[in-house]
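Okay, so here's the structure we're looking at.
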Amino acid sequence: MIALPFAVFMEAVAWFMHKYVMHGFLWFLHKDHHVKPQGFLEKNDFFFLLFSIPSALCIAYGHTFASEWLFGIGVGQAIYGTAYVLAHDVFIHDRMRLGLKPSGSRYLKAMKRAHQRHHSVLTKNGARNFGFLWVGGRD
């Protein structure tokens, strides 16, 4: 099935979108994510719709027209999106106020450090670490 490889591929898509779209021409929507939160919702949350609608459409059309590829692509996007929300919004930014800590996991600590380095830049330019689940490389 294509869902798992596509979920892995979505990290590259997310890196590209974050670096060139969110820190590019749609910075006005992403900017509030780099400042102290003012409330539960941010303009940046618009990207949830931007990324989830294609996934839902691929799943629906893939199921309707019996396209295993299209369905798998949509499921792969949904798997990545779910992992992203759990790791980014729940774990890193604690937007659900669960107080989760990285415990002894070197990977989770590295993910959190990379994201903190990314957020240390409050402007459109100059940020690093645009990837999310892959923390081994530099941007």
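Throughout, read-outs are computed from the coordinates displayed, never taken from laboratory work. This structure is a prediction, so every number in the text was calculated from the model and none was measured. Here the Cβ positions follow ideal geometry from the backbone for every residue, glycine too, while neighbour counts run over all protein chains shown.
Report, in degrees rounded to the nearest 10, the 0 to 90 angle that the Cα long axis of helix 68-84 makes with the longest principal axis of the chain.
So the helix axis and the longest Cα principal axis differ by about 20 degrees.
Please give the calculated 222 nm ellipticity per residue for the chain, where each DSSP H segment of at least 4 residues contributes -39500 (n - 2.57) and the sum is spread over every residue; nearest 500 deg cm²/dmol? All intermediate terms of the calculation are to be shown ahead of the outcome.
Details: 5 runs with 68 residues, N = 139.
The helix contribution divided over the chain gives -15500 deg cm²/dmol.
Would you work out which of GLY104, GLY72, LEU50 lies farthest towards the positive end of the dipole of the chain? Charges go on Cβ: Lys and Arg +1, Asp and Glu -1.
The Cα lying farthest towards the positive end belongs to GLY104.
Calculate how steeply helix 3-16 sits against the longest principal axis of the alpha-carbon atoms of the chain, using the helix alpha-carbon long axis, and give the answer as 0 to 90 degrees to the nearest 10.
Long axis of 3-16 versus the principal axis of the chain: about 40 degrees.
Helix 106-119 versus the longest principal axis of the chain: what is the Cα-based angle in degrees, 0 to 90, to the nearest 10?
Value to nearest ten degrees: 70.
For region 116-131 and region 1-77, compute the distance between their C-alpha centroids and round to whole Å.
Measuring centre to centre over Cα atoms gives 19 Å.
Over all distinct alpha-carbon pairs, what is the Kirkwood Rh of region 3-119 in angstrom?
Details: mean 1/r = 0.0643 Å⁻¹.
This gives a value of 15.5 Å.
Between ARG117 and ALA60, what is the spin-label point distance in nm, taking each point 7 Å from the Cα along the Cα→C-beta axis?
4.1 nm
Of the listed peptides 71-82, 19-30, what is their order by residue-averaged count of other C-beta atoms within 10 Å, with the highest listed first?
Values: 71-82: 20.3, 19-30: 15.3.
With the highest mean Cβ count within 10 Å placed first, the list reads 71-82, 19-30.
Checking the cross-link filter: which aspartates and glutamates have an alpha carbon closer than 18 Å to that of LYS31, excluding same-chain neighbours under 8 positions apart?
Cα-Cα hits under 18 Å: GLU42, ASP45, ASP89.
Run the simple label-point estimate for ASP32 and SER105 please: 7 Å along Cα→C-beta, distance reported in nm.
Output for this residue pair reads 2.9 nm.
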